[in-house]
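Have a look at the structure below before the remarks.
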Amino acid sequence: MITTVEAVPFVAPKTQGAGVPDQDLVLASKNLYVWFGPRMVLADVSLNFPKNSVTALIGPSGCGKSTYIRTLNRMHELIPSAALAGQVIFEDKDIYDPTVNPVDVRLRIGMVFQKPNPFPAMTIKENVLSGLKLAKLSNSNQNELVEKSLSQAGLWNEVKDRLDNTGGSLSGGQQQRLCIARSLAVDPHVLLMDEPCSALDPGSTLRVEQTIRELSEFMTVVIVTHNMQQAQRVATYTAFFLLEDNNPGYAVEHGPTQHIFGNPIDQRTSDYVNGRFG
Amino acid sequence: MSTALIENQTPSAQRPWRKKSRNDVLIVVVASTLPALFCFTIYQIGILSPVISGMLFVILQIAAGAIAGTIHRGRRGLADGVLIASIGFALAFIGTVMSSVIWSVLTKGLEALKWQFIIQNNEYITPTSPLGYGGIGHAVLGTLIIVGIATIISVPIGIATAVYITEVRGRSRVLVQGLVQAMSGVPSVVAGLFIFATLIFTGVFEFNGLMGALAYTILMLPTVARTAEEVLRLVPEDLRSAALALGASRARVVSMVVLPTAKSGLVTAMLLGIARVVGETAPLVFTIFGSAKTNINPVEGPMAAIPLYIFNGVRQPFAPEQARAYSAALVLLFLVIVFFTLARVLSSDRRKGKK
Ligand SMILES: Nc1ncnc2c1ncn2[C@@H]1O[C@H](COP(=O)(O)OP(=O)(O)OP(=O)(O)O)[C@@H](O)[C@H]1O
Ligand SMILES: [Mg+2]
């Protein structure tokens, strides 16, 4: 995998910032490099995600945030031209170790996508329970689980009377919350969210943010967002990604959210979070 | 602000986009009646032969469409008018061909179509026997059994092939695709001869229904596989990602997400496969041989099928046998319609809120 890719003479600057404590980590990437075909899109990303924290990933479009979180639960490898180097440590084990089954990784590291993608051939209820069926898990009280997951995603009141309608009959924002409920139903240890609120109205957005804060009592969340206020409202830690010219993207600064937004170390972080940036 | 609010009335529901201005209607009426009137007059006077005046009508009507379109909407209307007129003629052409086929099958086929015709078999019936006796019950059963077996074999294999090509994306994908493509070019008589040469001539099997079903399978498989492949490609990549991210294995993604999402398309694939073979005669001649007796055992003895019955019937120089052949064609047509409607109804999603 690595040998087929030419070495690119790009050395990513070291990630700055107050950093994140490195004990009690659930998830961490170590010197992660990512390619699409011959093109390196991420260089030397090492980030830590402590247990029960919320980390926001921010940065301009195209800098590789989506690509990065897709490497965290082995969704990246589904793209035929994809390649990578480095490690992703989840609960003390490298998920790219050849002995690890990607299916187990994805079961415990859930994901919510940028575009809502409910299963159109299933009802709302079946959508919520789909994770259990797909992974052959069992649950004794399905109705309770459906209600709990939908309430956490802030959708229960809107759909409780039509759980047997298809997922496609919901509005875009409702579909997205259905997808969140679907991810929560399998009770993952980590939830990766790629701009989960970009299709939501302000009310649903606040509801989802509330959900994220509640989840962080027992779950680790990584969320990509373009909304600076949102990052400040939900995230314990924030990482700022950047891409310059034609170089790969990399993590410029990583630290507690107050530091990144209050007194960032890097000038470019300061420019970006204050909206003085392209 | 609006009057409706001042008078405190709710306006009634309207569809302004459906209204046509009187001017539009006038233009369409004039443009579509003038050429017809003109040609009809010429034909009546007898200056031109019917064929020539018919051709003149097509040309004039397209020209009239062009003029009307130009008057109505300028240059963009020109293309519109020409296209509408041409499509109208194309539609009329296909409609005429189709309805004349159906009409001749109906008129000639109704004569021999009695209740007994559908349930009796053809034993003791000679080509000259009067119409009140004998029937094609044996051939209906034969066709149902043979097509049924062919469907049972080719649909799973066809869908599995499509899954291999689109979902598994295995190494020999290109090879398999090429083979399927090549198979769809096999002439139907060759399919029958192939089964004959490999299984019957070599003495492994006798003439029987299963051999016919296998010959049909050779024809059905590529149709089912290629249609299913197209249908599976239409399933959005997002859904596969979503299922994988929930911790599903590849196999589960296919069986629980991809196939159910493409369900109605897969039914179409099956129907197209059946439509491909149900009227085929050539694959049956060397495989089921044909029979006048009722035989519902596909692995024992010659069998009858409707297409083969029609083929043998219309070749006879006797009126009763020809009438029976036409009735058989009518029964086949009816069978296909009933079956297709049934499959559609059963596969349509009757849940609420379907997009
Ligand atoms: N499937 C792919 N094949 C090839 N290149 C890709 C693919 N997906 C993304 N890229 C490239 O990788 C880089 C990072 O893309 P990515 O989607 O991770 O950006 P992003 O930070 O999520 O942007 P946005 O904020 O707009 O979502 C981009 O240059 C993009 O063109
Ligand atoms: Mg993105």
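The values are calculated or read from the model by the stated rules, or taken from the named source; none is laboratory data. Just so you know, these numbers come straight off a predicted model, no measurement behind them. Note: ideal-geometry Cβ built from the backbone for every residue, glycine included; neighbour counts use all protein chains shown.
A few comments on the model shown:
- Residue within the stretch B:211-234 that is within 14 Å of chain A (Cβ to nearest Cβ), out of contact with any Asp or Glu (no Cβ under 7 Å at 6 or more places or on another chain) and surrounded by fewer than 18 Cβ atoms within 10 Å (Cβ to Cβ) present: yes
- Filtered residue count, the stretch A:41-57, keeping only those that are within 16 Å of ligand 2 (Cβ to nearest atom) and either assigned to a loop (DSSP other than H, G, I, E, B) or modelled with pLDDT under 95 (or both): 3
- Just one of the listed residues (A:SER169, A:SER198) is within 16 Å of ligand 2 (Cβ to nearest atom), of a type outside the set (Asp, Glu) and at pLDDT below 90, and it is A:SER198.
- Residue in the stretch B:83-97 that is of a type in the set (Ser, Thr, Tyr) and either within 32 Å of the chain's Cα centre (by Cα) or at pLDDT 90 or above (or both) present: yes
- Tally of residues being at pLDDT 90 or above, in a loop (DSSP other than H, G, I, E, B) and either on the phi > 0 side of the Ramachandran plot or at the interface with chain B (Cβ under 8 Å from one of its Cβ atoms) (or both) across the stretch A:96-117: 2
- Residue within the stretch A:245-259 that is away from ligand 2 (no atom under 16 Å from the Cβ) and under 15 Å from the mean Cα position of the chain (by Cα) present: no
- The stretch A:136-154, residues that are of a type in the set (Gly, Ala, Ser) and surrounded by 14 or more Cβ atoms within 10 Å (Cβ to Cβ): A:SER149, A:SER151, A:ALA153, A:GLY154
- The one condition in (1) within 16 Å of ligand 2 (Cβ to nearest atom); (2) under 19 Å from A:ASN52 (Cβ atoms); (3) among the aliphatic types (A, V, I, L, M); (4) in contact with a helix residue (DSSP H, G or I) (Cβ under 7 Å, 6 or more places away or on another chain) that A:ALA239 fails to fulfil: (4)
- Residues of the stretch A:49-77 that are over 13 Å from the mean Cα position of the chain (by Cα), on the phi > 0 side of the Ramachandran plot and more than 11 Å from ligand 1 (Cβ to nearest atom): A:ASN52 alone.
- Flag if A:ALA181 is of a type in the set (A, V, I, L, M), facing chain B (nearest Cβ under 8 Å) and away from ligand 1 (no atom under 16 Å from the Cβ): no
- Residue within the stretch A:78-91 that is aromatic (Phe, Trp, Tyr) and either more than 14 Å from every other protein chain (Cβ to nearest Cβ) or within 13 Å of ligand 1 (Cβ to nearest atom) (or both) present: no
- Only residues that are within 18 Å of A:LEU134 (Cβ to Cβ) and surrounded by fewer than 23 Cβ atoms within 10 Å (Cβ to Cβ) were counted in the stretch A:158-174, giving 1.
- Among residues of the stretch A:62-95 being assigned to a loop (DSSP other than H, G, I, E, B) and without any contact (Cβ under 8 Å) to a residue 60 or more places away in the chain, the one that is farthest from ligand 2 (Cβ to nearest atom) is A:ASP92.
- Test: residue in the stretch A:117-136 that is within 16 Å of ligand 2 (Cβ to nearest atom) and within 24 Å of B:MET256 (Cα to Cα): yes
- Filter pass, B:SER347 being surrounded by fewer than 21 Cβ atoms within 10 Å (Cβ to Cβ), over 25 Å from the mean Cα position of the chain (by Cα) and farther than 30 Å from B:ALA197 by Cα: no
- Cβ-Cβ under 8 Å pairs, at least 6 apart or on other chains, the stretch B:238-264 side more than 7 Å from chain A (Cβ to nearest Cβ), far side not in a helix (DSSP H, G or I): B:VAL258/B:VAL235; B:ALA262/B:LEU234; B:ALA262/B:VAL235; B:SER264/B:SER348; B:SER264/B:ASP349
- Test result for A:GLN175, under 21 Å from the mean Cα position of the chain (by Cα) and at pLDDT below 90: no
- Taken as a whole, the stretch A:156-165 holds at least one residue that is more than 18 Å from A:THR55 (Cβ to Cβ), of a type in the set (S, T, N, Q), more than 16 Å from ligand 1 (Cβ to nearest atom) and not in a helix (DSSP H, G or I).
- Lone qualifier among B:ALA262, B:ALA243 - being assigned by TED's automatic domain parsing to the domain that holds B:THR341, over 32 Å from the mean Cα position of the chain (by Cα) and under 20 Å from A:GLY168 (Cβ atoms): B:ALA243
- Check on A:ASP44, over 17 Å from the mean Cα position of the chain (by Cα) and at positive phi: yes
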